[in-house]
1. About the Cα centre of the chain, what is the dipole size in debye to 20, counting +1 per Lys and Arg Cβ and -1 per Asp and Glu Cβ, all else neutral?
2. What are the GluC sites (Glu not before Pro) within the stretch 96-180 that DSSP puts in a loop, where the Cβ has at most 13 other Cβ atoms within 10 Å?
3. Note down the Stokes-Einstein diffusion coefficient of the stretch 98-169 in µm²/s, whole number, using a Kirkwood radius over alpha carbon pairs, 25 °C, and 0.890 mPa s.
4. Quick one: P(r) of the stretch 1-94 from all Cα-Cα pairs, 10 Å bins, percents rounded to integers, in order of increasing distance.
5. Leaving ligands and nucleic acids out of the surface, order Asp158, Asp93, Asp42 by accessible area at 1.4 Å, largest first.
6. Which three lengths, in whole Å and largest first, does the chain cover when its Cα atoms are put on their principal axes?
7. Find the accessible area per residue for the stretch 1-117; the probe is 1.4 Å, ligands and nucleic acids are left out, and the unit is Å².
8. Looking at the chain, which longest stretch skips every one of the trypsin sites (Lys or Arg not before Pro) that is in a DSSP loop with at most 13 other Cβ atoms within 10 Å, leaving the sites themselves out?
Amino acid sequence: MEETKSRFKRICVFCGSSSGKKLSYQEAAIQLGNELVERRIDLVYGGGSVGLMGLVSQAVHHGGRHVLGVIPKTLMPREITGETIGEVKAVADMHQRKAEMARQADAFIALPGGYGTLEELLEVITWAQLGIHRKPVGLLNVDGYYNSLLTFIDKAVDEGFISPMARRIIVSAPNAKELVRQLEEYEPEFDEITSKLVWDEVDRLSYVPGSEVTT
């Protein structure tokens, strides 16, 4: 497989612990893993080997890239999350899990998933809106899975609850290759108020092109 150099060292992937009913969801997870390998990008994710989480992590691991699974101790039993893949970092709770994944990553991608995936996605979007990080956020919209979510967000823009600038935080594409290409080209925007905010998390979460991941 031909490798392509990326500006990202590691990408955090949010996705379902289920595989979904469509084969296309599973294929998209494997394709995303292969795209990360091709671009020499490591993976950070929620740990375990079940569902789409297992498929993307196995693809990256089998491709020779580093895989870091961040998982709360309560969810570590094998019957819950399956066999561990790559390096595993145990944390106390779900809040620490999200914070650690964010610290470890240069960008975020959401595959199809349920409540957990949606919650993780919306939180990193909110952090970007507030200037807590400057990392790209991508939505892998497989077979239009997230069309309804994007329609809702556009409605919120129309009704004045989300600014057009904040809407542009979300980068979406139907396949992994196109999505990662768009994330590589993404440049964050900030309004006058957000640009003046100072957060304790900024130094640990901000992405600077060409930098190494802060651990």
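The values are calculated or read from the model by the stated rules, or taken from the named source; none is laboratory data. Quick caveat: nothing in here was measured; it's all calculated off a predicted structure. Methodologically, a virtual Cβ is constructed for each residue, glycine included, from the backbone with ideal geometry; neighbour enumeration extends over all protein chains shown. Accessible surface is based on the protein model in full, side chains and every heavy atom, while ligands, DNA and RNA are left aside. Shrake-Rupley method; radii C 1.70, N 1.55, O 1.52, S 1.80 Å.
1. So the dipole magnitude of the chain works out to roughly 380 debye.
2. Answer in residue order: Glu159.
3. 191
4. The distribution over the stretch 1-94 is 18, 50, 27, 4, given as percents.
5. Values: Asp158 125, Asp93 60, Asp42 15 Å².
I get Asp158, Asp93, Asp42, largest accessible area first.
6. Rounded to whole Å, the extents work out to 47, 38, 35 Å.
7. I get 44 Å² per residue for the stretch 1-117.
8. In the chain, the maximal stretch lacking such sites is 23-167.
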